[in-house]
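The values are calculated or read from the model by the stated rules, or taken from the named source; none is laboratory data. What you are looking at is a predicted structure, and each value in this text was computed from that prediction instead of being measured. Neighbour counts run over all protein chains shown; Cβ positions are idealised from the backbone, glycine included. Protein only, heavy atoms only, side chains kept; ligands, DNA and RNA dropped before computing areas. Shrake-Rupley method; radii C 1.70, N 1.55, O 1.52, S 1.80 Å.
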Amino acid sequence: MKKLGVFVCWCGSNIASSVDVDQTVAGALKLDGVVHAENYMYMCSDPGQQKVKDAIQEKNLDGVVVACCSPSMHENTFRKAAGSVGLNPYLLEIANIREHCSWVHANNKPVATAKAISIIEGALDKVKQNLPLETITLDLTKRVCVVGGGIAGIMSALDLADAGYDVAIIEKEPAIGGHVSQISTTFPYFQNVPELLQKKIAEVEAHPRINLYLNAEVDELEGYVGNFKVTIQTKPAFVDTATCTNCGKCLDVCPVLVPDEFNRGLTKRGAIFRYNQSNESQLPVIMQGDCLHFSEEESGTGEKCSLCVDACTENAIDLSVIRFLQEELVGAIVMATGYDLYSPTNLPEYGGGQIPDVIDGLAFERLLDPKGPTAGKIFRPSDGQVPKIIVFIQCAGSRDPERHKAYCSRACCMYTAKQARLYKQQVGDGTAYISYIDIRSDSRDFEEFVQQGMEEENLVYVRGRVAKVFAEGSVLKVYTADTLSGRQLEIEADLVVLAMAMEPKNGVHELAKKMNVTIDGDGFFSEAHIKLYPVESTTKGVYLAGCGQSPKDITDTVSQALATAGKIQTMFSNDTLLADPLVAEVKEDVCSGCGICVDICPYGARVMDDFKRISAVNQAVCQGCGACIAACPNKACELINSTSRQFIRVIDDFAHKTQVI
Amino acid sequence: MGDVLNLNVNESVDRTIAAEPVIGPCAFGNLEELESVPLDRRVMVIGGGICGITAAIDLGNAGYQVVMVDRLPSIGGRMLQLSETFPTLDCAQCTLTPRTVETGQHPKVTLKMNCEVEKLDGGPGDFKVLIRQKITYVDWNKCTGCGTCIQKCPTKSAAMFERDAGLMTAIYTLSPQAVPNKPVIDADRCRYLTKGKCGVCAKVCPVGAIDYEQKESLFEVNVGAIIVATGFDVYDWKNKMPELGGGKIPDVIDGLTFERYLSASGPSAGAMVRPSDGVEPKEIVFIQCVGSRNPEYHKSYCSRVCCMYTAKHARLYKHKVRDGQVYIFYIDIRSTGKGYEQFIQQSVSEEGIIYIRGRAAKLYEENGKVMVQGADTLTGRKVEIAADLVVLAAALVPNEGALELAEILGLTCNKDGFFVEEDYKLSSIETERQGIYIAGCCQGIKDIADTSAQGSAAASKVQVFLSSIRRQKQNVV
Amino acid sequence: MKYPYFPGCTLYTKAKKLDEAGRECSRRLGFELDELPDWTCCGATFPLVNDYHIAMSGPTRILADTKDQGGDKLVTLCSVCFNVLKRTNYVMRTDEERRAKITDFIERDYHGETEVMHYLQVLRDDIGFDQLKEKVGKPLEGLKVACYYGCLLLRPVKEIGLDNMENPTIFEDFVRALGAEPVEFPFKIECCGAFQTVHSMDVATRCSRNILNSARNSGADLVITTCPLCQFNLDDRQPEILKSEPDFATIPVVYFTQLLALALEMSAADLGFERNLIDPLPVLQAKGVVGD
C-alpha cells in the first residue's frame, strides 16, 4: 500500500490566484493512497523544501507529488530534496498546475481547481507505478580527441594538455596550422601571425601530452560519451621523418607538376613536396594521387618512377609504406574541422577558374606572405606585372540565397579591408576598389580599421554587386553598379580578388555521419543551443569549435576553442559520468528483431544484439526521446517510468472526471 | 526622476501573474563553503550576467567553489530585461531562468549581491579581494522572499530595471523571477528613509527582516583566480545627443526600453503602446547606429548587436501590430552570425519592413507625432517621416565603474573603457595580470552566443591555471 | 507530332520571318506547329507587374485554351511571349491565391496543366540536337555565329529554367548541330535595352553597341537571336550607333530560325533577309553558306 504525499505550491500568486489551493489540498487528501497533503507559498524555497523533507521522514512517504510549475523548472530541485532524506528521487513527480492549469484558466477558479486536482491525481497514478531508479554511472576516459589541427584544434588541445589531459590531434594535411598558416598579417592590428602561430605549433609539437596524427582522418567512431573509440587512418607520407634531413634533393628531381593547393594554384609542386613551402623546417611528403610511381603501378605501364628514392642520400623514402590504422580511446571529442573556400569556378560570370588574374582571398594572402611564392610582392599571376588597379569583390557566393550560399561568411569584409590596405601600403600609386553590399566591421576596433583604410590608404568602397568580370586582352573588365550614385560602373582592373564564401570542409557529410553529429542545411555542425550551448553539439561528448560550426574570424574561433576545452575540463573533473536513468528499455520476449528502432534513433542508442536477434538499448547514450517507442510496431519498447500503461491510467483519470466540483 | 508613467493600466494588476515563478532563497549567506577548500579551488566571478553565470556553472560543475559578486540585487544581467532573443525569437526568460536558478541553487556557487569590489591585494593564485556590501536595509539572512513587503509598499515610482518606463515599489526585487528573490530598499525612493514616514514593510514583515539601521559592511574574499564579466550599459544619448530630443520627447526611447515594452512582464504587460498616451503606434521608426560609428562626437566603434536586435524588434512589433509600418534607418546591416543573414532577409521579404539607408539627423515633436528627418542615400533624397514612436539603437558602452574596477584590479582599459586583453586574436580572455580573466561585453560588445562562449573560455583558462598550480604542488607535470 | 503553337503579335507583323522560317523548318524536322485558334496578345511583359492581376487574364486564357483543346504543351518562338506565358504558368502552379482570383475572373478552370516550351527546347529535348544534326542537309561550315540570348529567354531562372542563366549553352549546342561554329563572347546574356528603345533610345543604343562590339571582337560573322525586340535593337538601331560612333563596324543580326532554314536547305531568297537593315547576304555568301 503506497503512502503518498502531495505538496501544492502557491507560486506566489501565480497559481494561488486562479486555483483554490486549500480546496486542492482537500481534494488531494481524498485520493487513494494520499496520507499527507499541504500547500505553501513557495514550495521551491528552502522552507518549502524542508516541508517536503520533513513529511517524507515523519510519515514514511514512499511517493511524492509536488503540484507546482513546469518540471523543467524544479523537478531536479525536488528530486534532490527527496533523495537527501532517503526517498528515491524517481518516486517523485511534478504535477504542472501552473503552465497547464492556473495560467490558462485564470478566470475560472472552480474549473481551474477541479483541473488541478485531476492533474494531481494523474501524477499520483504515475508515481504509484514508478520504479525506484539509480542514475546510471558511466566510466570516463579522461583523454580527448581533437579532429582538425587548425587554430581551433591547436588552442583547444593546448589548454586541455596544459590542464593535464592527453590529447590526440587528427589532422588531414601533412602539417597543422590550417588556413591561418596561409595568412601572414591579421586584422585589426596588423599582427605578425606566423610568429604567433609558430609558437603555438611548437608548443603542440613539444607537448608531452599531445599526440599528433598527420595525414590522418577518422576512419570510424564507436562508443558514447566518456567512452569513445576513435579509429584513425593515416595515409603514408612515404618520407621517414626520423631519417630525412630536409636537404630538398628529392624536390628537384620529381617530374610531376601539379597546382599547389597551399598556394591556391599560384604555383606548381611535384608529387613530392613541402606542404607549406614558406616553412623550411617542414619535411617533404608524397601525395600518392599525384605520384607517377603509383599511377604507373596501377596502369602496369613502364618503369615505376623512383627518381626521388634514387636522389635521396639518406634512404629516407620508402614507397612501399601502406595506410595503417590506429586507435585512440577518449572521453570527449572536439570537432574543429574548419572551412574551405567555395570554389571560384562556381562564379563563371566573374571568370572564376578561367581567368588567371581572378583569384580568391586566400590566394591573395599567399601573394602577401613574405615567405610566399612572390616573397610578399603583389604580382599578377598571368604576367608577373604589378597590378595598378585591383578590384576586391566581397560577398562572392555569400548572401546569395537563389544560387549560392544564403549566409554571410563574416570575416570577408575585414580581411578584404586588410588586404586592400596592405596592397596600398605596398603599391602606393595603386587603386583598390572594394565592391560591397554592407560593410561588416562589428567587433572592437574593426570599425576604426576600415575607416582608417578609407582615410589613410584611400580605399574606394563601391556599394553594389559586381555583375560581370571578363578579360579583354590583358585587362579585366569589371562591370558593376554604384548604388549610392545610381550609376553603372565599368572598371578596367589588373587583378580581381574574390572574397569567396566560406563553406564547411569537403567531406564533412561523411565525417558527420561517422561521428554521429548533426549538420545543418549548409553543412555546418549544429550546436545544441545557439545562445546557451554554442560549443556543444547535439551529441553528448562531442564539442564544436571554429568555422566548422559557422564562419568566423580567428578571435571568435579561439574563444570557441577555449570554451570547448573548458567544457571538457568540467566533464573530466569527475571520475565518472552520470546519466539519467529515464531511458528506453526493450521487452525481450515481444521484440521481433525488425530493427526499425535502430534506424529511427537519432542518437545511435539502439543496436541489434546479434546473438539474441533482438534489439537492445545503450542506456548510456539514450536520451529518452521516445522515437523508438512510437516506431516499434510490436510495442516491444517502453520508456522507464513513462510506460504506456502509466499514461493510460493518467488519461483515464482525466476522462472520468466531471468538470466542476 | 523622470515622468511618472500613466499607462491607463489597471493599477491593481499584479505583475507577478504574467511572469515566471518566484524563486526561493539560495546559498548566499556566508563564505564557509568557499573557505573549506584550498585556494586553487576558489574562483571569484565579478558580474552575474549570462557571461558570469556560464563561467560560474562551468566552474561549479568542475568542482570549484565560486563566489559571484554583483552590484545588483539579483543575477541575470541584461538578458533579464529582454523579451525575446534573435535569431530564434526564443523567450529570453525561458532560456535564462533555468540558468539563473541553476546558479542560485548550485551547491558550489555563493552569491554576493549588492556588492562592489573595493580593493585587490595579493597575486595570482592568492588574490585578496576586499568587497563592500552596500546597504540594502533588508537582512537577507532572515528574509524568506515571501514578497509581502513589496505588495504593501505604497510607493510606486519609475524604475531602473524598467528603464523608467514602468513603476516599481521602493522596496523591490528586480523582477518577479529574481535570483535571489530577496528585496532591497531604494533609499532615494523610500518614504521612510527620506521623510521618516511610512515603515509599512517593517510592520508587515513576518520575520522582522527590515533593518532601517543597516550599515555598509566590508569583507575580504581570498581566491585563486578572478573572472571579470561586468557587461554593458546603454550610452547616455539623452544628454549627449540633443538633436534626438534630449530625452524630453516621451515617444523617443532606446532599444533596451523597447524591450521592456515588448516583454510580457514589462510595464505594459507586452501590449504595444506609446509612452506618451498609451495608444498603439501604427508607424515606428527605428534608427540604428545612434552614438556608434561616430568618431567625431560619440563612439567610433560599432555596437555589433544593434542591427540584429532592431530587426528583431521590428518583427516582434509587426507580430503584435499586423497593420503597423516599420522603417529602419541604417548604414550597413551587420548580420554575420549563424542564421542571422536569413533572419534579416525574412524581415524584409516576409514582414514588409522597410530599410532606409541613411542616418536620421533630427527628431522633434509635432502634433503628437515625432518627426524624423533623415536621408535615403540610395535615392539621394531627404526623407521625413511622421512617426508614432521612435526607437534608437543607442551605442552600448562598458558598464559604469569599469574604469575604476580596472584600476583596482590592475588592468588596462582602452579608450572606450573596454578591458584590454593580452592578445586580441589568440587570447581575448587573458589579461596582463595572470589569474585575472575578462569575458563578455566588458571586453567588447558581442551577442549572447559569443558571450556564452567567452564565459566558458574564461572558465577553461581558470581551470588550466589553477590545475597547474595544483599539479605544481604535487610535483606532477 | 503536333504542338499547339502561339505565335504572338509581333510574329505576325515585324517578325514574320521568324515565324515562317520556324514553321517550315518544323515541317522538315517532322513536327507540326498547330496555331492556337482565337489567341490573343500575351501582354508583352506587362502582365508580370506584380499587383495587377487582370493583366494576367490574357495569358492565363491562352494557357487554359491550350489545355481545353487537348494540348499539354504550348510552343512559342518569341522570347517575350515565352517569358510571359511561362511565368504566368508559374504563378498558376505555385500561388493558389492569385490563381483562384484570376481563373475566377476569366471563368476558366486551370491549374497550370499546360507546359510552356520554347522552340529551342523542342529541338533540344524532343527532337535532340543529334537528330537535328542528321537532318541538316547543308552544314553551315565555316560560319562563326555569336549566339545572343538576351534576358527574357533565361531569367528569372527559377521560373524559366531553360538553361544555366550565367553560362547557358543551348544556343551554342544548336549552332554546332547546324555545323556552324559558335563564338563565345562576354555579352551574350546582357540586356539589349528592350523597351528603353522607345523613350530613351540612347540607352538601348548603348547596350546594343556593347553587345555587337563584343560579338564582333570575339570573331563572329553574324549574331543570331530569338527575340523580335532584341532583333530590333541590335539590327534596326545600328544606324543610330553609327551616328554617334562612325567607326562602328556593322554586323548582321538574324533570327535563329532563318539560320536553321538555311541549314535545312531552304532558299535564302525565301527567308526575308531583305527586311534586315544590315544585310546578312554578303557574309553568308562569303562563307559559302549561300550561293550567289
Region A:500-523 versus region A:437-481: alpha-carbon centroid distance in Å: 31
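Using alpha carbon coordinates only, what is the Rg to Rh ratio of chain B, with Rh defined as the Kirkwood radius? Provide the component values of the computation, followed by the final result.
On the way: Rg = 23.0 Å, Rh = 23.5 Å.
Across chain B, the Cα-based Rg/Rh ratio is 0.98.
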Quick check: convex hull of the Cα atoms in the protein assembly as shown, volume per residue, rounded to a whole Å³? 230
Placing each pseudo-label 7 Å from Cα in the direction of the beta carbon, C:His199 and A:Gln426 end up separated by a distance in nanometres of 5.1
Sorted peptide list for A:165-171, A:79-85, A:130-136, criterion being average Cβ within 10 angstrom, highest first: A:165-171, A:79-85, A:130-136
Which angle between 0 and 90 degrees, to the nearest 10, do you get for helix A:109-129 versus the longest principal axis of chain A when only C-alpha atoms count? 80
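Explain nothing, just the number: relative contact order of chain B, from Cα pairs under 8 Å at least 6 residues apart, as a whole percent.
Reported as a whole number, the value is 18 percent.
At 1.4 Å probe size, with the rest of the protein present, what percent of the exposed accessible area of region B:148-204 is carbon and sulfur atoms? Don't jump to the answer; show the numbers that get you there.
Values: 1150 of 2280 Å².
Result for region B:148-204: 50 percent of the exposed heavy-atom area is carbon or sulfur.
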Per-residue mean of C-beta atoms belonging to partner chains within 10 Å, peptide C:160-171: 1
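Below 8 Å, C-alpha to C-alpha, sequence gap of six or more: please give me the relative contact order for region B:195-324 in percent.
Working: 92 pairs, mean separation 18.2, N = 130.
The value is 14 percent.
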Hey, got the average number of other protein chain Cβ atoms within 10 angstrom for residues in A:522-535? 5
Two decimals is fine: what is log10 I(q)/I(0) at q = 0.09, 0.19, 0.20 Å⁻¹ for region C:2-119, from a Debye sum with one equal scatterer on every Cα and no solvent? -0.22, -0.94, -1.03
With the full set of protein chains in place, find how many percent of the accessible area of region C:128-286 is carbon and sulfur; take the probe as 1.4 Å. 49
Give a residue-ordered list of calculated ³J(HN,Hα) values for region B:390-399 (Karplus: 6.51 cos²θ - 1.76 cosθ + 1.60, θ = phi - 60°; whole Hz; x for Gly, Pro). 10, 10, 9, 7, 6, 4, 9, 10, x, 4
With charges only on Cβ, +1 for K and R and -1 for D and E, what is the dipole size of region A:155-261 about its Cα centre, in debye, rounded to 20? 160
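Roll a 1.4 Å probe over the protein chains and send me the accessible area per residue for the protein assembly as shown in Å². It would help to have the intermediate numbers written out before the result.
Details: 56120 Å² over 1430 residues.
Averaged over the residues of the protein assembly as shown, the accessible area is 39 Å².
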Indicate the residues belonging to region A:430-458 that lose 30 Å² or more of solvent-accessible heavy-atom surface (probe 1.4 Å) upon moving from the chain alone to the assembly of all protein chains, ignoring ligands and nucleic acids. A:Asp438, A:Ile439, A:Arg440, A:Asp442, A:Ser443, A:Arg444, A:Glu447, A:Glu448
In whole percent, and with a 1.4 Å probe on the protein chains, what portion of the accessible area of chain A is carbon and sulfur? 50
Name the residues whose placed amide hydrogens come within less than 5 Å of the amide hydrogen of B:Glu84, ignoring near sequence neighbours (fewer than 5 apart) on the same chain. B:Ala92
Dipole check, chain A, charges on Cβ (K,R +1; D,E -1), about Cα centroid: among A:Phe324, A:Gly523, A:Gly248 the Cα furthest to the positive pole belongs to A:Gly523
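For region A:211-276, what D do you get in µm² per second when you plug the Kirkwood radius from alpha-carbon pairs into Stokes-Einstein at 37 °C and 0.692 mPa s?
The calculation lands on 223 µm²/s.
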For chain A, longest principal axis from Cα atoms; helix A:151-162 axis from its Cα atoms; angle between them, nearest 10 degrees, is 60
Given a Förster distance of 51 angstrom, what is the FRET efficiency for A:Thr518 paired with C:Leu277, based on the Cβ-Cβ distance and rounded to 0.05? 0.20
Give me the distance in nm between label points sitting 7 Å out from Cα along the Cα-to-Cβ direction at A:Ile322 and B:Ala264, one decimal. 6.4
With a bin width of 10 angstrom, please list the P(r) values of region A:242-375 as percents of all Cα-Cα pairs, from the 0 bin to the one holding the largest distance. 10, 30, 30, 24, 5, 0
Can you compute the modelled spin-label distance between B:Met160 and B:Asp211, with each label point 7 Å from Cα toward Cβ, in nm? 2.1
Pick from C:Ile241, C:Ile224, C:Ile54: which residue has the top mean-square fluctuation in a GNM of chain C where Cα pairs under 10 Å get a spring? C:Ile54
Explain nothing, just the number: dipole magnitude of region C:128-286 about its Cα centre with +1 on each Lys and Arg Cβ and -1 on each Asp and Glu Cβ, in debye rounded to the nearest 20. 180
Over its Cα atoms, what ratio of radius of gyration to 2.2 N^0.38 Å does chain A give? 1.24
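Once every DSSP H run of n ≥ 4 in chain C is given -39500 (n - 2.57) and the sum is divided by its residues, what mean residue ellipticity at 222 nm do you get, rounded to the nearest 500 deg cm²/dmol? Mind dumping the intermediate values first?
Working: 13 runs with 118 residues, N = 292.
The helix-only estimate for chain C comes to -11500 deg cm²/dmol at 222 nm.
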Quick check: the distance between the Cα centres of region A:301-331 and region B:97-117, to the nearest angstrom? 58
Space enclosed by the convex hull of the alpha-carbon atoms of region C:128-286, per residue, Å³: 109
Treating every alpha carbon of region B:116-264 as one equal point scatterer without solvent, the Debye formula yields log10 I(q)/I(0) values at q = 0.14 Å⁻¹ of -0.91
Give, ordered by residue number, each residue of region A:381-406 whose 1.4 Å probe accessible area is reduced by a minimum of 20 Å² on adding the remaining protein chains to the chain alone. A:Arg399, A:Arg403, A:Ala406
Pull out the extension gain between A:His656 and A:Thr135, defined as 0.36 nm times the separation in residues minus the alpha carbon to alpha carbon distance; nm, one decimal. 184.0 nm
Using a 1.4 Å probe and counting only protein heavy atoms, how much accessible surface gets buried when B and A come together, both sides summed, in Å² to the nearest 100? 6600
Folded to 0 to 90 degrees: helix A:412-426 orientation relative to chain A principal axis, Cα: 20
So how much accessible area does B:Lys128 have, in Å² to the nearest 10, using a 1.4 Å probe? 70
Compute the FRET efficiency between C:Ser244 and A:Gln191 as 1/(1 + (r/R0)^6), taking r as their Cβ-Cβ distance and R0 = 45 Å, and round to the nearest 0.05. 0.25
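Per residue of B:414-427, how many C-beta atoms from partner chains lie within 10 Å of its own C-beta, taken as a mean? Let's see the in-between values first.
Numbers: counts 2, 2, 2, 0, 2, 0, 1, 2, 0, 5, 11, 15, 18, 6.
Whole-number average of other-chain Cβ neighbours for B:414-427 is 5.
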What value does region A:523-562 have for Rg/Rh, both radii from Cα atoms and Rh as Kirkwood defines it? 0.93
Range of Cα positions in chain C per principal axis (Å), largest first: 57, 43, 32
Using a Förster radius of 45 Å, what is the FRET efficiency between C:Cys41 and B:Gln373 based on their Cβ-Cβ separation? Nearest 0.05, please. 0.40
Which percent of Cα pairs goes in each bin when the distances of region A:476-552 are cut into 10 angstrom slices starting at zero? 16, 34, 14, 17, 17, 2
Output row, site B:Asp188, 7 Å Cα→C-beta label point, backbone N cut-off 17 Å, window region B:120-135, residues B:134-135
